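Encoded as structure tokens, the structure appears first; notes follow it.
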Amino acid sequence: MSKAGGTELGTRSLVWFRTDLRTHDHAALAHACAAQRERGVTPGGVVGLFVLSPGEWRAHDWACVKVEFVLRTLRELSAALAKLNIPLLIRSAKGPGDVPAVVAKAAREVGAARVDFNREYEVNERRRDEAVTRELEKLGVRVFAWHDQCVLEPGCVRTGAGGPFTVFTPFRRAWLRVSAERGGVKDLGTPEVQKKIDLAPDEVPGRVPGFGSDIAPERWPAGESEALRRLRVFVAERGRAYKDRRDFPAVDGTSTLSPYLAIGAVSPRVCVRAAAEANAGALDGGSAGLAGWITELVWREFYIHVVDAFPRVCMHRAFKPAAERVAWRTDEAQLLAWQEGRTGFPIVDAAMRQLRALGWMHNRLRMISAMFLTKDLLIDWRLGERFFMQNLVDGFLPSNNGGWQWSASTGTDAQPYFRIFNPFSQSERFDPDGSFIRAWVPELRGVRGAAVHQPYDPKKGLAPLERAKLEYPPPIVDHSKARERVLKAFKIAAGIAEGAEAAGGEAQDSDED
């Protein structure tokens with residue numbers, strides 16, 4: 001037989017890493033290693049592969065801070081794999097169209113009998129993986145695609161009629177039931193150390209041209225070990241208080257694990273198991289904080305299942321067909337003011353400035369700022385969705401798209417279009433002393449008391465002389481008038497008669513989730 005690197009072709013396993021940059025509880029890696037042990041092939045062995053694909057990242061609006069986070073996590077992954085005697089190869093592709101040939105070439109070079117990878121469910125990723133599979137099968141290489149991104153794979157949580165869920169609460173009930181029927185959440189562990197093979201790992205580049213970030217690497221320490229450390233600290237120290245503290249952006253009440261979940265530096269199974277173990281083994285009930293955090297992980301699963309069942313949401317389409325008829329406004333100046341945190345709504349501006357400075361935004365603020373763009377400014381949710389992806393270290397299409405469509409009332413939400421957050425009351429409720437606002441909007445640091453929430457309000461805000469000296473813009477929109485405008489736009493789109501509301505609903509500002 002021909003040889004590659006001194007090894008007969010057809011004896012090795014190639015594991016193609018993508019958004020699953022870890023060694024523990026990794027389905028493709030675990031199965032590939034198990035298959036090698038069962039075959040007892042010599043020299044054989046498992047080899048890792050990661051494909052740098054800047055064109056793909058640009059097409060998917062990956063943030064520079066996310067790309068750098070991935071590169072640093074890759075270096076950690078390479079070191080962790082080296083301890084298992086698994087070399088990590090780094091290859092490059094200009095775009096998704098080049099990936100099949102790049103993976104096939106790597107398989108030939110290492111002498112792979114099989115290639116294992118974990119499934120990704122977005123439309124473009126599925127098409128790419130199908131093309132890779134066809135290319136490998138031409139070579140006689142066996143391909144194994146594993147479910148790994150969710151605790152429960154898409155398609156296994158179904159309605160009574162056998163279809164996919166489109167509302168979260170019944171999905172969660174079914175998710176808990178199926179989890180129990182499967183005997184709980186299982187962990188695949190870390191593979192055993194394999195015999196050394198005659199391939200050396202490739203060097204991971206420090207940067208990819210066009211993806212440089214100004215955000216300090218220390219802001220987001222990379223790698224699986226850091227992800228597991230954060231998980232342990234959160235579950236032990238903050239998990240039980242999560243429900244009471246999670247909505248307050250000035251408080252360290254969340255796990256900050258979303259960047260690590262987005263690139264797979266930690267598995268959702270490990271997260272759910274850790275929270276359940278701290279909650280006396282329960283996925284529901286017990287500690288309201290720990291159970292609440294598990295529910296947030298189930299939300300992530302829900303949105304992945306939606307992406308799988310309804311591919312149109314990956315194609316810049318609204319989940320609700322009627323929402324495609326909403327007449328969104330085009331206002332470049334207001335869009336820019338929102339992006340730069342100059343709207344005159346302090347909580348929104350603080351949130352947007354946090355995003356640009358950290359590459360991350362507190363979840364409560366994501367809802368407030370997204371709803372402000374879509375409801376107060378009546379600007380297309382797709383513009384906000386893209387801006388978030390271009391700036392978030394934890395940008396993950398299912399969660400980002402699901403959150404934006406929830407806020408815009410175009411998505412899988414049981415509540416109708418007249419859910420409209422009042423940014424001022426949201427601010428007063430979730431940043432009561434204004435500490436978060438003052439931290440991110442320095443122009444308002446000298447404003448005392450409740451006036452920080454609405455400095456230009458004649459009744460609640462500053463005195464006229466103080467307002468005149470304020471180096472902070474007045475509100476770019478009147479919330480009350482904007483509310484009426486968006487209600488009218490959605491009624492027209494839905495074909496609802498003027499003055500009528502959806503069954504059982506009232507057009508009122510809402511401060512509820």
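The values are calculated or read from the model by the stated rules, or taken from the named source; none is laboratory data. Keep in mind the model is a prediction, meaning the values are calculated, not measured. Cβ: placed from backbone, ideal geometry, glycine included. Neighbour counts: every protein chain shown. Just the protein is used for accessible areas: all its heavy atoms, side chains included, with ligands, DNA and RNA removed. Shrake-Rupley method; radii C 1.70, N 1.55, O 1.52, S 1.80 Å.
If you scan region 202-225, which residues turn out to be more than 22 Å from W57 (Cβ to Cβ) and either open to solvent by less than 70 Å² (accessible area, probe 1.4 Å) or charged (D, E, K, R) (or both)? Explain how you work it out, then say what you get.
Initially, region 202-225 is screened for residues more than 22 Å from W57 (Cβ to Cβ), giving 218, 225.
Answer for region 202-225, where residues must be more than 22 Å from W57 (Cβ to Cβ) and either open to solvent by less than 70 Å² (accessible area, probe 1.4 Å) or charged (D, E, K, R) (or both): just E218.
With the structure loaded, tell me whether P473 is part of a loop (DSSP other than H, G, I, E, B), at pLDDT 90 or above and open to solvent by 50 Å² or more (accessible area, probe 1.4 Å) or whether it fails that test. I'd like the intermediate steps shown before the answer.
Values: part of a loop (DSSP other than H, G, I, E, B): yes; at pLDDT 90 or above: yes; open to solvent by 50 Å² or more (accessible area, probe 1.4 Å): no.
Judged against the criteria, P473 is not a match.
Taking region 243-280 on its own, how many of its residues are at positive phi and either free of Cβ contacts under 8 Å to residues at least 60 places away in the same chain or among the charged types (D, E, K, R) (or both)?
The initial filter retains those residues of region 243-280 that are at positive phi, namely 256, 264, 280.
Checking the rest, the ones that are also either free of Cβ contacts under 8 Å to residues at least 60 places away in the same chain or among the charged types (D, E, K, R) (or both) come to 280.
Residues meeting the conditions: 1.
Considering region 413-461, the residues that are open to solvent by 70 Å² or more (accessible area, probe 1.4 Å) and among the basic types (K, R) include one that is farthest from L377 (Cα to Cα), namely R448.
Within region 256-268, the set of residues being open to solvent by less than 20 Å² (accessible area, probe 1.4 Å), assigned to a helix (DSSP H, G or I) and of a type outside the set (A, V, I, L, M) comprises P259, Y260, P268. On inspection, P100 qualifies as over 23 Å from I304 (Cβ atoms) and either in a helix (DSSP H, G or I) or touching a residue at least 24 places away in the same chain (Cβ under 8 Å) (or both). Looking only at residues of region 5-36 that are open to solvent by 10 Å² or more (accessible area, probe 1.4 Å) and over 25 Å from A265 (Cα atoms), we find that the one that is modelled with the highest pLDDT is T11. Applying the set (1) part of a helix (DSSP H, G or I); (2) open to solvent by 30 Å² or more (accessible area, probe 1.4 Å) to N85 leaves exactly one unmet item: (1).
E120 versus (1) open to solvent by 70 Å² or more (accessible area, probe 1.4 Å); (2) under 25 Å from the mean Cα position of the chain (by Cα): which is the lone unmet condition? Among (1) open to solvent by 70 Å² or more (accessible area, probe 1.4 Å); (2) under 25 Å from the mean Cα position of the chain (by Cα), E120 violates only (1).
I'd like to check something: does region 70-77 contain any residue that is in contact with an Asp or Glu (Cβ under 6 Å, 6 or more places away or on another chain), part of a helix (DSSP H, G or I) and either open to solvent by less than 10 Å² (accessible area, probe 1.4 Å) or not β-branched (V, I, T) (or both)?
Let us first name the residues in region 70-77 that are in contact with an Asp or Glu (Cβ under 6 Å, 6 or more places away or on another chain), namely none.
Within region 70-77, none of the residues are in contact with an Asp or Glu (Cβ under 6 Å, 6 or more places away or on another chain), part of a helix (DSSP H, G or I) and either open to solvent by less than 10 Å² (accessible area, probe 1.4 Å) or not β-branched (V, I, T) (or both).
The single condition among (1) surrounded by fewer than 17 Cβ atoms within 10 Å (Cβ to Cβ); (2) at pLDDT 95 or above that G97 does not meet is (2). The residue pairs whose first member lies in region 45-68 and is modelled with pLDDT of 95 or more, whose second member is open to solvent by 10 Å² or more (accessible area, probe 1.4 Å) and among the hydroxyl-bearing types (S, T, Y), and whose beta carbons are closer than 6 Å, counting only pairs six or more residues apart or on different chains, are L52/S92; C64/S213; V65/S213; E68/S213.
Looking only at region 146-199, residues that are closer than 30 Å to I86 by Cα and free of Cβ contacts under 8 Å to residues at least 40 places away in the same chain come to 1 in all. Identify, by number, the condition in (1) among the polar types (S, T, N, Q); (2) closer than 22 Å to L176 by Cα; (3) not in a loop (DSSP other than H, G, I, E, B) that N124 doesn't meet. All conditions pass for N124, except number (2). The C-beta contact set for region 111-126 (first residue free of Cβ contacts under 8 Å to residues at least 60 places away in the same chain and within 22 Å of V47 (Cβ to Cβ), second residue surrounded by fewer than 21 Cβ atoms within 10 Å (Cβ to Cβ) and of a type in the set (A, V, I, L, M), distance under 6 angstrom, 6+ apart or interchain) comprises R119/A145.
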